[in-house]
1. With assigned by TED's automatic domain parsing to the domain that holds B:LYS50 and within 14 Å of the chain's Cα centre (by Cα) as the only criterion, which of B:GLU184, B:GLU136, B:GLU165 stands out?
2. Quick test for you: out of A:ALA108, A:ALA125, pick the one residue that is in contact (Cβ under 8 Å) with a residue 40 or more places away in the chain and either more than 14 Å from chain B (Cβ to nearest Cβ) or part of a helix (DSSP H, G or I) (or both).
3. Restricting to strands (runs of 3 or more DSSP E) lying wholly in segment B:6-89: which have 3 or more residues that are surrounded by 22 or more Cβ atoms within 10 Å (Cβ to Cβ) and on the phi < 0 side of the Ramachandran plot?
4. With respect to the numbered conditions (1) over 24 Å from the mean Cα position of the chain (by Cα); (2) on the phi < 0 side of the Ramachandran plot; (3) part of a loop (DSSP other than H, G, I, E, B), which one is the sole condition not fulfilled by B:MET116?
5. With the structure loaded, tell me whether B:ILE196 is in contact with an Asp or Glu (Cβ under 7 Å, 6 or more places away or on another chain) and at pLDDT 90 or above or whether it fails that test.
6. Report, ordered by the first and then the second residue, all pairs with beta carbons closer than 8 Å, sequence separation of six or more or different chains, a first member in segment A:28-54 that is within 14 Å of chain B (Cβ to nearest Cβ), and a second member that is crowded, with 19+ Cβ neighbours inside 10 Å and of a type in the set (Lys, Arg).
7. Out of everything in segment B:64-94 that is out of contact with any strand residue (DSSP E or B) (no Cβ under 7 Å at 6 or more places or on another chain) and within 14 Å of chain A (Cβ to nearest Cβ), what residue ends up being farthest from B:GLY110 (Cα to Cα)?
8. Every residue in segment A:101-120 that is surrounded by 15 or more Cβ atoms within 10 Å (Cβ to Cβ), of a type outside the set (Phe, Trp, Tyr) and within 15 Å of A:ALA155 (Cα to Cα), please.
Amino acid sequence: MDITFDHVSYTYQAGTPFAGEGLQDISVTIHDGSYTAIIGHTGSGKSTLLQHLNALLKPTSGTVTIGDRQITSETSNKNLKPLRQQVGMVFQFAENQLFEQTVARDIAFGPKNFGVPEAKANALAEQMVTLVGLPASVLSQSPFDLSGGQMRRVAIAGVLAMQPSVLVLDEPTAGLDPAGRRDMMQLFAKLHREQHLTVVLVTHQMDDVADYADHVLVMDHGRLVKTGTPREIFADPVWLTANQLGLPKTTQMAMALQRRGFKFAELPLTTSALAAALLPQLPVKAGERDE
Amino acid sequence: MTQAIEIAHLNYQYPDTPRPALRDVSLSVASGEWVAIIGHNGSGKSTLAKNINGLLAPGSGTVTVGGELLTEESVWDIRAKVGIVFQNPDNQFVGATVADDVAFGLENRGMPRPEMIKRVDSALAAVNMTEFATREPARLSGGQKQRVAIAGIVAQTPDIIILDEATSMLDPAGRQEILSLIRELRAARPLTVVSITHDIDEAALADRIVLLNDGEIVETGTPAEIFRHGEELIDLGLDVPYAGRLKAALAQRGVAVPAAYLDAEGLVDYLWTLHSTM
């Protein structure tokens, strides 16, 4: 399911003295099956853009086309439910939204709300708990007895149980420890690969953008200022720094090596790419060279 | 050197839990030292912090802060010496304006108004938030909020500041902002820092790293010593320093790399020297 923005602008509290530009003239398509990262500093409009992906916000002008549904300022709030099922939204600190007495009931809540019969919803809960890497034994536990990382997995399982085709993630690893972050990012990569979910990720972690995304949108002051592959985006370190955006650690290291005299045809984005690019420029113990 | 914090054989167990959160923890922090405490979630780091200023009372063992034994009687004295900055900036505001919020702790201690105004002004200046004095805390960015929280602590001139994952909810710019602020504060006057963290850059700033696992201290060392763990660090609750990651990738491809820890600059130097031998 493609999501297309056509000249979308959004004004907060339009018509009041507090009116503020949220989005300005955004035109872009998020393609079915892609893994798109949205970057930009705090206040750049990333979250406002996200909320248009399932019509939580409607454009002040322009059109958002989600699959075969067109959303404009005129769209009625009725009949938006199917969109909310198709585009699953994992908010920041999603564990704060857990409320049920057991993990099973919390996960089953979403599908039941969308009219899935109880037995089917419960089966989905069991299936999703395994999918997010939790033991089936947590199903009967209170979500509030779990660790923070486990609670977040339950919240994500609840979104997956609605069987969306697009998964929207707003800084899903914030506040997790490094092992938790790694596991969480690998889970999304697996869902993207195996369940063919379209993934939209808002993040400040440039390493994650380099490692996982195939497309990047850069936001600044409510405008979409750059789009491209991670390679295209990170090829311009001067521009990124000027826009208060970081570089992947690999790229920073490659630049330090370059200043020292090493040569790279293009700046590598991942550790293995950097190691491979360095290899011909370093002495290697006899018989150990890979290629 | 005098000890800022002296913890001896501390045990702590939360009510209705099967296992102790801290087991026989002994740790001395010298006055003016910066100690980072690392460990994965649930390893007992925050429990330890809360025992240092008496938010939790030890099951057994002792905590001595600035030479004073922590007891029910001394707890208020000790809290005046130890300020804690918590993880979530939104959970620690009480004032309607930034200045009110910074004044809250001082008011609580019954400080005369003229002295209080002076302290609030200088604390806000120290964290570069003077121009925000009359603003509403809720409308600040995450980094600014943590600055105000730190100003509230600075105003009380504590000898010890505990950062309990104080940068983990901030974006990279906000994180840098807070870390440079702590460095500036330490340059201005002696301040002991205990930082509980998962952030490799924050841990690297410490004089010493203490590694907790399942409520026990399993290792202490300089950042260079601890970072030698390489890929294992991630299971110990810390990220792997990038230089370590690249070193491992090169070693796998048959490049001779040293076993000792190198920071990024050190690795660049080493590789360039190696390249020059070709």
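1. Of the residues listed, the single one that is assigned by TED's automatic domain parsing to the domain that holds B:LYS50 and within 14 Å of the chain's Cα centre (by Cα) is B:GLU165.
2. Numbers: A:ALA125 fails: in contact (Cβ under 8 Å) with a residue 40 or more places away in the chain.
Criteria check complete, one pass: A:ALA108.
3. Ranges flagged: B:22-30, B:34-38, B:82-85.
4. If we test B:MET116 against (1) over 24 Å from the mean Cα position of the chain (by Cα); (2) on the phi < 0 side of the Ramachandran plot; (3) part of a loop (DSSP other than H, G, I, E, B), just (3) comes out false.
5. It is true that B:ILE196 is in contact with an Asp or Glu (Cβ under 7 Å, 6 or more places away or on another chain) and at pLDDT 90 or above.
6. A:ILE38/A:LYS46; A:ILE39/A:LYS46; A:GLY40/A:LYS46
7. This residue is B:ASN88.
8. If the condition is that a residue be surrounded by 15 or more Cβ atoms within 10 Å (Cβ to Cβ), of a type outside the set (Phe, Trp, Tyr) and within 15 Å of A:ALA155 (Cα to Cα), then A:THR102, A:VAL103, A:ALA104, A:ARG105, A:ASP106, A:ILE107, A:ALA108, A:GLY110, A:PRO111 are the ones that fit.
The values are calculated or read from the model by the stated rules, or taken from the named source; none is laboratory data. Since this is a predicted model, take the numbers as computed values, not measurements. Cβ atoms come from the backbone with ideal geometry, glycine included; neighbour counts cover every protein chain shown.
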